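Engineer: I'd like to ask you about the structure that follows.
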Amino acid sequence: MKNPVACILSASELAEQTVQGEAKRFLTVIDNETRRIQRLLDGLRELISVDIRLDKGYLETVNVGGMIQNLIEDYPPQRRGSTIVEYISLLDKPVFININPDRFAQAVLNLVDNAVSFSPQGGRVALSVGTKDKLVTISVADQGPGIPEDETEKIFNRWYTDRPEGDAARHTGLGLAIVQGIATGYDGQVYAMNAPAGGAVFTLNFPRSMK
């Protein structure tokens, strides 16, 4: 399905170079909407891959804090923009979970991307790792507008978005659904709540590995 979309994009880009005025404006609309379709297809492909490739036969014992530290250090500047993304360790020793490390990274980065997208200019996104009973908890907190009270469950639905119309066009509505698929696929959980001081906090829980 992706090749026809790429052909439309190429054709519209070439056509934009040869027309002016109203026709060029229409081609810009075609270009923007085609790119949105491409993002939706990319997101759908990711979602399908999560559905069919949560292979519990391929697990590694992952140092949670160490991996998150590496993910934040490698987080691309163009994705964070002016947002400060930091890792805060609440641990006195390393903690581990058994999981596919690629899927774990995908879940964490999707939460970071979501937090950054709702953050104000110069805002801060803080990741922290802790333990509770036999669980390892990974929290991602932002300084955005928070989540409407009646939408804390809906936001994990596929295709759901509560973004303003102009901003929604740049997002697929699948990122949090993918996080939930990964969490439940590895015996974990993800939930969201509003922080007392403002902003939203997303928390992943996974069973702790007693390495």
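Engineer: Which order do the peptides 175-183, 202-210, 125-133 come out in when sorted by mean C-beta neighbours inside 10 angstrom, highest first? Before the final figure, lay out the partial values.
Structural biologist: Working: 175-183: 22.6, 202-210: 19.2, 125-133: 17.3.
Descending packing order for the listed peptides: 175-183, 202-210, 125-133.
Engineer: Which of ILE68, ILE84, ILE99 has the fewest other C-beta atoms within 10 Å, and how do the rest follow up to the most? Don't jump to the answer; show the numbers that get you there.
Structural biologist: On the way: ILE68 23, ILE84 13, ILE99 28.
Ordered from fewest to most neighbouring Cβ atoms within 10 Å, ILE68, ILE84, ILE99 come out as ILE84, ILE68, ILE99.
Engineer: Which order results if TYR186, TYR75 are arranged by neighbouring Cβ count within 10 Å, fewest first? Write down the numbers at each step before the final one.
Structural biologist: Values: TYR186 20, TYR75 17.
Fewest to most other Cβ atoms nearby, the residues stand as TYR75, TYR186.
Engineer: Per the Kirkwood formula on distinct C-alpha pairs, the Rh of segment 60-207 is how many angstrom? Let's see the in-between values first.
Structural biologist: Values: mean 1/r = 0.0645 Å⁻¹.
It is 15.5 Å.
Engineer: When the Karplus curve 6.51 cos²θ - 1.76 cosθ + 1.60 is applied with θ = phi - 60°, which whole-Hz ³J(HN,Hα) does each residue of segment 123-138 get, with x for Gly and Pro?
Structural biologist: My calculation for segment 123-138 gives x, 10, 10, 10, 9, 9, 10, x, 10, 8, 6, 9, 10, 9, 10, 10 Hz in order.
Since every read-out is calculated from the coordinates, none of them should be taken as a lab result. All values derive from a computational prediction rather than experimental measurement. Reconstructed Cβ throughout: ideal geometry from the backbone, glycine too, with neighbour counts over all protein chains shown.
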